[in-house]
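Q: Sharing a structure below in structure tokens format, with a few things to ask.
The values are calculated or read from the model by the stated rules, or taken from the named source; none is laboratory data. Computed from a prediction, not measured in an experiment: that's the story for all the values here. Here the Cβ positions follow ideal geometry from the backbone for every residue, glycine too, while neighbour counts run over all protein chains shown.
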Amino acid sequence: MLHIIRVSFLSLILCFLIPSLAKAAEVSDQKIFQARMNLYKSLEAATQIPWYYLAAVDHYERSLRSARTDLPKPTGVTGIYIPPEKWSGWLNPNHFDDHPLSILIFDGMGVDGNGDGKASLKEDEDILFSFAHYILNYGIDDDHFRMALWNYYKRDKAVGLILEKAKLYQHFGKLDLNQKAFPLPLRANYSYRSTWGDSRGWGGKRVHEGTDIFADYGVPVKATTYGIIEMKGWNKYGGWRIGIRDINNTYHYFAHLSGFSKGLKVGQIVEPGMVIGGVGSTGYGPPGTSGKFPPHLHYGMYKDNGKREWSFDPYPHLRTWEILEKKKRK
Ligand SMILES: [Zn+2]
């Protein structure tokens, strides 16, 4: 039976990742990741749906809810939100119905996941199992999962984001993909200051959308995050540049590179600290133009809500990553 569910999400706005410095917060984060993983794995055992599919949907919905004001904030382990009408069945007179049988009669989405006889919107197992149950109506291979997602969200962008997240979770085999790295080796000679929003020193009319880290030509440039290479090549202003999207849908932009690491390609999965190229001074001309300004890494960070993309100041993030990395080395 195919459920045709008419839901249109107004917009997709993802949250900013706020790096947590406190150790206590880190410990509780790890506990939450563990609780989530346990939930996904037990569902995988029961339904054969790969845990990383469930994790990806869960992460997508949690981000959505933390950014939108018209949805209740997640209170449990799962971030998936199913509106009561959809849960109980659109024609069900009781939208807070938790009887599996009457929900079934009204063609609602809710099912009993933890075997307590109720299909409750307040229980993580029930919510996640209901979503899994919905996916099972389609099938659990990539193509059917994609189809199930499309019919649920009715947005290509949502499907694309969820599949990218699934790819990252599958590759790394863990949920905590928030670790970051400073883009240059700490032992290198480099300097940077906050210049985001300044008018550009050379060329172009836009304000400066990043932080410039000055260093010697050829100093290795590293990926700052877990993510997927979305773009790689020449740009008139950026020179040889690379773009990486992370699990929180933040886009990390590296420009003016001397070149790229061998074999690096679009679609490739990277992790923090992986060398992707070298500091250079390319740009402001046709492909290969170099040396019009002192060598530096231009590092930009962008958010995207499916409708527009905006730059935000990478400087405080760079400082945080630098400090964390220094601490780790001690
Ligand atoms: Zn710059």
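Q: Please enumerate the residues belonging to the stretch 284-311 that are in a loop (DSSP other than H, G, I, E, B), over 17 Å from residue 256 (Cα atoms) and in contact with a Ser or Thr (Cβ under 7 Å, 6 or more places away or on another chain).
A: Once the filter is applied, which keeps residues that are in a loop (DSSP other than H, G, I, E, B), over 17 Å from residue 256 (Cα atoms) and in contact with a Ser or Thr (Cβ under 7 Å, 6 or more places away or on another chain), the stretch 284-311 yields 305, 306, 307.
Q: Taking into account only those residues within the stretch 74-123 that are over 20 Å from residue 57 (Cα atoms) and among the hydroxyl-bearing types (Ser, Thr, Tyr), which is surrounded by the most Cβ atoms within 10 Å (Cβ to Cβ)?
A: Of everything passing the filter in the stretch 74-123, 88 is surrounded by the most Cβ atoms within 10 Å (Cβ to Cβ).
Q: If you don't mind, there's one more thing I want to ask. I'm trying to understand the selection: among the residues of the stretch 180-200, which are in a loop (DSSP other than H, G, I, E, B) and modelled with pLDDT under 90?
A: Narrowing the stretch 180-200 to residues in a loop (DSSP other than H, G, I, E, B): 181-189, 193-198, 200.
Result: 195, 196, 197, 198, 200.
Q: Another question about this same structure. Being surrounded by fewer than 16 Cβ atoms within 10 Å (Cβ to Cβ) and assigned to a loop (DSSP other than H, G, I, E, B), is that true of even one residue in the stretch 312-330?
A: Yes, that holds for at least one residue.
Q: Please work out which one of (1) within 16 Å of the ligand (Cβ to nearest atom); (2) more than 26 Å from residue 327 (Cβ to Cβ); (3) part of a loop (DSSP other than H, G, I, E, B) is the condition residue 242 fails and give its number.
A: Of the numbered conditions (1) within 16 Å of the ligand (Cβ to nearest atom); (2) more than 26 Å from residue 327 (Cβ to Cβ); (3) part of a loop (DSSP other than H, G, I, E, B), the odd one out for residue 242 is (3).
Q: Yes or no: the stretch 226-245 includes at least one residue that is in contact with a Phe, Trp or Tyr (Cβ under 8 Å, 6 or more places away or on another chain) and polar (S, T, N, Q). Explain how you work it out, then say what you get.
A: Step one: of the stretch 226-245, the residues in contact with a Phe, Trp or Tyr (Cβ under 8 Å, 6 or more places away or on another chain) are 226, 230, 232-234, 236-245.
After this cut, where a residue has to be polar (S, T, N, Q) as well, the list is none.
So far as the stretch 226-245 goes, no, none of its residues is in contact with a Phe, Trp or Tyr (Cβ under 8 Å, 6 or more places away or on another chain) and polar (S, T, N, Q).
Q: From the list 166, 158, exactly one residue is among the hydrophobic types (A, V, I, L, M, F, W, C) and at pLDDT below 95. Which is it? Break it down into steps so the answer makes sense when it comes.
A: Working: 166 fails: at pLDDT below 95.
Being among the hydrophobic types (A, V, I, L, M, F, W, C) and at pLDDT below 95 holds for just one of 166, 158, which is 158.
Q: Return yes or no: is residue 290 out of contact with any Asp or Glu (no Cβ under 8 Å at 6 or more places or on another chain), small (Gly, Ala, Ser), assigned by TED's automatic domain parsing to the domain that holds residue 207 and within 16 Å of the ligand (Cβ to nearest atom)? Even if it seems obvious, please write down each step before you answer.
A: Numbers: out of contact with any Asp or Glu (no Cβ under 8 Å at 6 or more places or on another chain): yes; small (Gly, Ala, Ser): yes; assigned by TED's automatic domain parsing to the domain that holds residue 207: yes; within 16 Å of the ligand (Cβ to nearest atom): yes.
So residue 290 fits the description; yes.
Q: Which condition number in (1) without any contact (Cβ under 8 Å) to a residue 60 or more places away in the chain; (2) in contact with a Phe, Trp or Tyr (Cβ under 8 Å, 6 or more places away or on another chain); (3) in the same structural domain as residue 246 (by TED's automatic domain parsing) is the one that residue 194 fails?
A: With (1) without any contact (Cβ under 8 Å) to a residue 60 or more places away in the chain; (2) in contact with a Phe, Trp or Tyr (Cβ under 8 Å, 6 or more places away or on another chain); (3) in the same structural domain as residue 246 (by TED's automatic domain parsing) applied to residue 194, the lone miss is (1).
Q: Return only the number of the condition from (1) within 12 Å of the ligand (Cβ to nearest atom); (2) modelled with pLDDT of 95 or more that residue 225 does not satisfy.
A: (1)
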